[in-house]
Amino acid sequence: MSETSERLPAGVERRSIEGRSRLATRGEPVYGEPTADGWRTWDPNRSKLGAMIELGMDHGLVGDETVLYLGAAAGTTVSHVADFAGPTYAVEFAARPARDLLSAAETRDRLIPLLKDARRPETYGHVVEADVDAIIQDVATRGQAAVAVRNARFLAPDGRLLLAVKARSEDVTDAPAAVFERTLDRLRDRYEIRETERLDPYHEDHLGVIATLR
Amino acid sequence: MSEDTDATNGPDGGWFDGLDPEDDDAAAAIIEGRAETPRGWPTLAVDSGFADDTDDYYDRLRAAATRATRRTVRERERADDRQLIHAVRAMDDCERTANEVAERATEWAGAIFDTAPTGVDGARDVAAREPNEAAERRAVSLATRAVDLADERDELSAYIERTAPSVAPNLSAMAGPELAARLIALAGGLEPLAKKPSGTVQVLGAEDALFAHLAGRAPSPKHGVIYTHDFVRNTRPADRGSAARAFAGKLTLAARVDHYSGELRAELHEDLRERIATIRARADSERADTEGVSADE
Ligand SMILES: C[S@@+](CC[C@H](N)C(=O)[O-])C[C@H]1O[C@@H](n2cnc3c(N)ncnc32)[C@H](O)[C@@H]1O
């Protein structure tokens, strides 16, 4: 696991789009992102997972895996994930963005939209399969660590949690570093933290976390 | 993986359990089903004959999940701010009543069982007891009502957290779902809230204080229910008035965008953060001047 060269999942490439080399996946555009030859730009400024990959974090994604994505919103990031991964369960609890998520899912035959509350995994435990290869979480609401802990039941023993923590969602006034410490502590109930990195300059006051089950 | 591979029935089975793939309403199974523990559903579905192979399984699952999501989205969009108003008022009623009944029940139980804890937690202890005679039965039963009310309060709170973001996305993102719901309830709806001047929004929920002020008995209130938000509460007292004014101004804009367009507008939230940061920085630099501390954020 000590590659120094960049490891991109199969299905994610650096392509020259509009004269710049950019992360890209193959699929129908979703949010007006620039495209070239069927490849769509994966903008790290708009995607925490994109930023984690761009920053060289050890995401462990290889392509074709089964993914549980928590906080899918309108599908910006999860559409890229579905472009390179296998079955991708996309959980979002707000109706408005879910409407756009449905459009993103139209051309992606393994993107499974679920209008569910990620704090209540028992409401989708009958749908999402056991032993997914990765849980990707970007919910940006208070209690982010608790959500990851509760959803640990879905993760395969050798699977990974790829988590973006937004400091302001926990406490708008406390220093982000203190918020991150508390969040990591809570995560340690179920996970072993493998790597953390601030997602600046792409996302201010966000921490990228990679963890495995303990 | 799990030990038994036959598809189970009952509450902890897969969404496809007992479904006829051709006839039954698979979307309803996705919406209403439940299982604490996930299992290897694709394999189980193939083994039980629901799907021909895992590809077929995922095709069916995606079709059902898409239909379920579309159906729920439509339903939610129809549910409007009225439900939110009822929910937030009911939540407050449940909380107040739960506490009141719990006090009474635990006081009574204290006289019978000589136990001490009071409040809703105390009521939970009492409710778990086995009553032996008539008075005990009444006290335990009363404690059970208090616990039920407290649980209902939590359910209402979860409902508000889920619903407010679709009724008022910007207001919820800015104030948090509960405060957003309270503001909507105090104004009597999203539309009336959107039409109020920001000075009114600032003191919503402080009607009593405002009335006292108008009657010449008190200073004018600087903030109403928005005081509960970190932006105001965690700002030093000297700056709370400006923080409340800035916050109310942006909340008013957020309510207007929610009412008239419903689109999430990121720049609205950025602006507010900058305003609050400026107000805080003022305090920090004054503190730094006197203590030599530097603020990081
Ligand atoms: C920052 S946005 C996600 C953006 C998205 N991950 C992307 O990059 O395209 C956070 C989303 O999480 C959703 N969310 C927050 N709490 C949730 C919960 N408990 N269950 C499901 N979704 C939740 C919000 O409604 C919002 O759409």
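The values are calculated or read from the model by the stated rules, or taken from the named source; none is laboratory data. Quick caveat, the model's predicted, so the values are computed rather than measured. Quick reminder, even Gly has a Cβ in these numbers, built from the backbone with ideal geometry, and neighbours come from all protein chains shown. For the accessible areas, the whole protein counts, side chains as well, though only heavy atoms, and no ligand, DNA or RNA atoms are used. Shrake-Rupley method; radii C 1.70, N 1.55, O 1.52, S 1.80 Å.
Computed values, structure above
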{"read-out": "Spin-label model distance (nm) - B:Phe211 vs B:Thr278, 7 Å beyond Cα toward Cβ", "value": "3.7 nm"}
{"read-out": "Average silhouette area of segment A:119-166, convex hull of alpha-carbon atoms, in square nanometres", "value": "3.1 nm²"}
{"read-out": "Segment B:7-95, Cα convex hull volume normalised per residue, Å³", "value": "116 Å³"}
{"read-out": "Global form of chain A, assessed from the alpha-carbon gyration tensor, a/c cut-off 1.5", "value": "rounded"}
{"read-out": "Reachable lysines, given that their alpha-carbon falls under 18 Å from the alpha-carbon of A:Lys48 and they are not under 8 places away in the same chain", "value": "A:Lys166"}
{"read-out": "Unit charges on C-beta of K, R, D, E only; dipole of chain B, Debye", "value": "2360 debye"}
{"read-out": "Selection of trypsin sites (Lys or Arg not before Pro), segment A:111-207, meeting DSSP coil and at most 10 other Cβ within 10 Å", "value": "none"}
{"read-out": "Percentage of interatomic Cα-Cα distances in segment B:168-297 larger than 17 Å", "value": "59 percent"}
{"read-out": "Relative packing of B:17-24, B:80-87, which averages over residues the other C-beta atoms within 10 Å, highest first", "value": "B:80-87, B:17-24"}
{"read-out": "Protein accessible area in segment B:168-297, 1.4 Å probe - carbon and sulfur %", "value": "52 percent"}
{"read-out": "Calculated over segment B:183-253: convex hull of Cα atoms, volume per residue (Å³)", "value": "81 Å³"}
{"read-out": "Spherically averaged projected area in nm², based on the convex hull that wraps the Cα atoms of segment B:86-134", "value": "3.8 nm²"}
{"read-out": "Gyration tensor (Cα) of segment B:116-175, equivalent ellipsoid semi-axes in angstrom", "value": "37, 10, 6"}
{"read-out": "P(r) histogram, all alpha-carbon pairs of segment B:80-167 included - 10 Å bins from 0, percent", "value": "20, 40, 21, 14, 5, 0"}
{"read-out": "Along chain A, longest interval not containing exposed GluC sites (Glu not before Pro), exposed being DSSP loop plus at most 12 other Cβ atoms within 10 Å", "value": "A:19-214"}
{"read-out": "For segment B:168-297: relative contact order, % (alpha-carbon pairs under 8 angstrom, 6 or more apart)", "value": "28 percent"}
{"read-out": "Theoretical gain in end-to-end length, B:Asp52 to B:Arg89 [0.36 nm per residue, Cα-Cα removed]", "value": "8.2 nm"}
{"read-out": "Cα-Cα separations in the protein assembly as shown greater than 37 Å, expressed as whole percent", "value": "39 percent"}
{"read-out": "Accessible area that becomes buried as A packs against B, both chains, 1.4 Å probe, Å², nearest 100", "value": "3700 Å²"}
{"read-out": "Fraction of accessible area attributable to carbon and sulfur, chain A (%, probe 1.4 Å)", "value": "42 percent"}
{"read-out": "Chain A: relative contact order in percent, alpha carbon pairs under 8 Å with at least 6 residues between", "value": "17 percent"}
{"read-out": "Residues of segment B:188-293: accessible area per residue with a 1.4 Å probe, Å²", "value": "54 Å²"}
{"read-out": "Area projected by the alpha carbon convex hull of chain B, averaged over all directions, nm²", "value": "25.5 nm²"}
{"read-out": "Trypsin sites (Lys or Arg not before Pro) within segment B:181-259, DSSP loop, no more than 10 other Cβ atoms inside 10 Å", "value": "B:Arg217"}
{"read-out": "Segment B:24-78, relative contact order in percent, only Cα pairs under 8 angstrom and at least six apart counted", "value": "41 percent"}
{"read-out": "Radius, Kirkwood style, for segment B:142-195 when every pair of distinct Cα atoms is counted (Å)", "value": "12.0 Å"}
{"read-out": "Sites matching chymotrypsin sites (Phe, Trp or Tyr not before Pro) across segment A:36-83 that sit in DSSP coil, with at most 15 neighbouring C-beta atoms within 10 Å", "value": "none"}
{"read-out": "Kirkwood-based Rg to Rh ratio, segment A:90-190, C-alpha trace", "value": "0.99"}
{"read-out": "Where N is the number of residues in segment A:26-124, Cα Rg divided by 2.2 N^0.38 Å", "value": "1.04"}
